[in-house]
Every structure is written in C-alpha cells, then in structure tokens.
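Engineer: Before anything else, here's the structure in question.
Since every read-out is calculated from the coordinates, none of them should be taken as a lab result. Note that the structure is a prediction, hence the values are computed from the model and not measured. FYI the Cβ positions are ideal-geometry reconstructions off the backbone, even for glycines, and counts take in every protein chain you see.
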Amino acid sequence: MRGAAHFPKAPPPASRGGIRTFARGAALWLLSALPAAAQGTAPLADILLPPLEMSEAGIYCPADHVAKEDAPDTESGYILLTEENPEMVLSSRVVPAYIGISFGIRIRLEPGAPLEPYVFTVHHPPVGPRQVTTESWNPALDSRWGVRSFNFEFDRELVTGTWTFEVSRDDVVLLRQSFEVVPPMQAPEAIDICFGNTFVS
C-alpha cells in the first residue's frame, strides 16, 4: 500500500472540500455507526457520521511525494507524504488497476471538533506474499480539508475487487467509502486523463 499524506497549506475553495493525502492516498450517508471490526461477506453500506465531513470521493492522478512516514500496520510499512492538494480528476467509484492511479476521499473534521485519535483503514482483496487484506494508519485529521487515498505503486497491489476506506474512533466506524477496482480496459478514462491517452486496450 502506498499511503499518501497531504498537508494543505490553505483550505481549498468552499465549493470543493478537502483532505491530507495518503497514497497508499459527497454527500452524506447517515446510518448507525458500526464496529470497525464488522466485516461481512456482503459489502457494507457507505456511511458518514459527525464529526467527519467528506466533500468528494474519486480518482486522482499521481502527485509528487516529499517524504515517507512509518506505518507498521500497512503492507508496505510506510505511507507517502505530499505537500500538494491534489485535484480529483474523475468522480467515480470504479477504479482501474493501473500503476500510478490513486483513489480516495477528501475529508476533514468539522470545525471545533476535538482532535481525538482516529484510525484510517483500507480493506481490500489479498495483496502481496503475505496476503494482506487490511491496512491502517493515523490519518492526522483536523479541520483542514485533505485527501486520504491509496496509490497503486507496485504490481502486487493491482488486485481487482472491492476496496473500502474507513475512518474510526474508539472502534466505531464514522466513515465508510467503497470503490470497485477493475481491470484497466474496463475503466480506461482515468488512465487517459492522467497519462495522456497512453492506454491501449
């Protein structure tokens, strides 16, 4: 996993929302909070509960990374940090399994919310020789918008199926957003946008 953390220098325009990006890194769905460990065979419903706010979910082009941060509970052992505030290029929950593509969410804590410990978790099909299916790290949330995303950096990460992002506090899921990762030829638009029409089916 390539977590990417974005440290925004200033909030984006009010018409957008925002995030800190983890490369590895919407309107509201209000349902009952569920334990973070709840993981059935059927996909769980997407949710968004206070004090989390989300403005978008979709696909991002590659960004320049300025540093790595240790994240022992990830498949790679680190997340990537970037100073940029990436622009979403495609509002889609269908993501091509293609090196360099990032997908994620722009989120923040509502203004005035306490800075309590939160956990960002990605659930996905088995990845790598250890067949990792769950990765987590500290999202360092505050009232600034920032992107939390997963960036396909290695071939071993290009696994199709449902990928689910969660933000939890005290084992209660406050946000859940799911994506469907598919073979590149089933979702070529983002590849064409990010890499200049280089995708060939």
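Engineer: Given a Förster radius of 22 Å and the C-beta distance between residue 138 and residue 162 as r, what FRET efficiency does 1/(1 + (r/R0)^6) yield to the nearest 0.05?
Structural biologist: It comes to 0.35.
Engineer: Which ordering of 137, 163 is given by a fewest-first count of other beta-carbon atoms within 10 Å?
Structural biologist: 163, 137
Engineer: Same structure, new question: I'd like the distance separating the alpha-carbon centroids of the stretch 57-81 and the stretch 84-134, in whole Å.
Structural biologist: Between the Cα centres of the stretch 57-81 and the stretch 84-134 lies a distance of 9 Å.
Engineer: Take 64, 73 and order them by how many other Cβ atoms sit within 10 Å, fewest up front.
Structural biologist: Final ranking by Cβ density, sparse to dense: 64, 73.
Engineer: Given the Cα-Cα distance of residue 67 and residue 113 and 0.36 nm per residue of separation, how much length would full extension add, in nm?
Structural biologist: Result for the pair: 13.8 nm of gain on full extension.
Engineer: Amide H neighbours of residue 74 under 5 Å, counting only residues 5+ apart in sequence or on other chains, H built in-plane at 1.01 Å?
Structural biologist: Counting only residues 5 or more places away or on other chains, the set is 136.
Engineer: Still on this structure, please answer the following. Taking N as the number of residues in the stretch 108-201, what is its alpha-carbon radius of gyration divided by 2.2 N^0.38 Å?
Structural biologist: Here the answer is 1.29, to two decimals.
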